[in-house]
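Asker: Sharing a structure, written as structure tokens. Questions coming.
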Amino acid sequence: MRHRRVGRKLGVKTKHRRSMFRNMVTDLFRHERIKTTDTRAKELRRVAEKYITIAKKGTLQARRMAATFVRDKDVLKKLFDELASRFKERPGGYTRIVKLGVRAGDNAPISLIELIAEEYKPKKKRPRRAKKKKEDSVASEPTAKSTKKESAEELGLSESEEKTDDTHAKTENAEEVKRQTNKEESEVDAKTGDDDKVEEAKEVVEPSAQDPTPEENAEQTEAKTETEPQAETQSKADESEAEPQSEQQADSSESAKEPEAKSESDDTHKEVTEDKEEKTEEESSDKKE
């Protein structure tokens, strides 16, 4: 297994590979593009970008480190003066690999590796996702409500919903009115109770003007004693007058009943005689026959 074993050997020894990459890096920095095989271009990108990041520091130590690998002074100067300033704001990715096809003869895949010449344009930072989710949830609620209303209108259910809303509003208004009336009644009851208590206290503290004095009570008792015997005498006289009147009424009623009884007895006698005469006539007619 190739764990932690980075890089390609490219079929050559270490010294040969190191010298080969040194020459290829200097040519890349001088001409800014090279045509080579795919595998060598990929390995060359790792080395070239490493020394570009070192040149971006611009210190003496960085210059000495780059000089150990890039032996040409003109290329080293170009690296620190021109290329470092070009890629100062770019955070990596200084090269580009373009595949060109296959080489004639050995059929090896050929690529073009070059330094990027375009200016770096940093992307705008996106807002955090948590804020977006909250905003989206808040914005999605009214849209959902609107879609529900539209669907209800299509199905003809909006009128029923409006009616229910009206009924709810009416019931709420009625409840509020009831509450207000109950409050007013309680306030009135409290006021009346307070007034009653005040009046009772006044009656207890102040004696009323209508209460009789002891002298008046004595006069009233004397007047009652004088009026009682007079009332008894008048009642007895009235009873004596009423008795003969009742006797006269009883006699008149008996005298009126006697002729009535006599008239009834005469009627019954006449009916009996008439019945006898009819019977005699019928008997005589039978005998003749």
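Derivation of every value follows stated rules applied to the coordinates shown; laboratory data play no part. In this text, all values refer to a predicted model and were calculated from it rather than measured experimentally. Methodologically, a virtual Cβ is constructed for each residue, glycine included, from the backbone with ideal geometry; neighbour enumeration extends over all protein chains shown.
Asker: So which trypsin sites (Lys or Arg not before Pro) in region 1-75 pass both tests, a DSSP loop state and at most 15 other Cβ atoms within 10 Å of the Cβ?
Answerer: Sparse-neighbourhood loop trypsin sites (Lys or Arg not before Pro): Arg2, Arg4, Arg5, Arg8, Lys9, Lys13, Lys57, Arg71.
Asker: Let me ask something additional. Which three semi-axes in whole Å describe the equivalent ellipsoid of region 14-115, each the square root of 5 times a Cα gyration tensor eigenvalue, listed largest first? Mind dumping the intermediate values first?
Answerer: Numbers: eigenvalues 130, 46, 22 Å².
Taking √(5λ) for each eigenvalue gives 26, 15, 10 Å, largest first.
Asker: For the cross-link pairs Lys88/Lys121; Lys9/Lys73; Lys99/Lys121; Lys35/Lys56; Lys42/Lys123; Lys35/Lys99, which exceed 18 Å when the distance is taken from alpha carbon to alpha carbon?
Answerer: Long pairs (Cα-Cα over 18 Å): Lys9/Lys73; Lys99/Lys121; Lys35/Lys56; Lys42/Lys123.
Asker: Can you work out the Karplus-derived ³J(HN,Hα) for every residue in region 270-277? Use 6.51 cos²θ - 1.76 cosθ + 1.60 with θ = phi - 60°, whole Hz, and x for glycine or proline.
Answerer: Once θ is set to phi - 60°, the couplings for region 270-277 become 4, 5, 5, 5, 5, 5, 5, 4 Hz.
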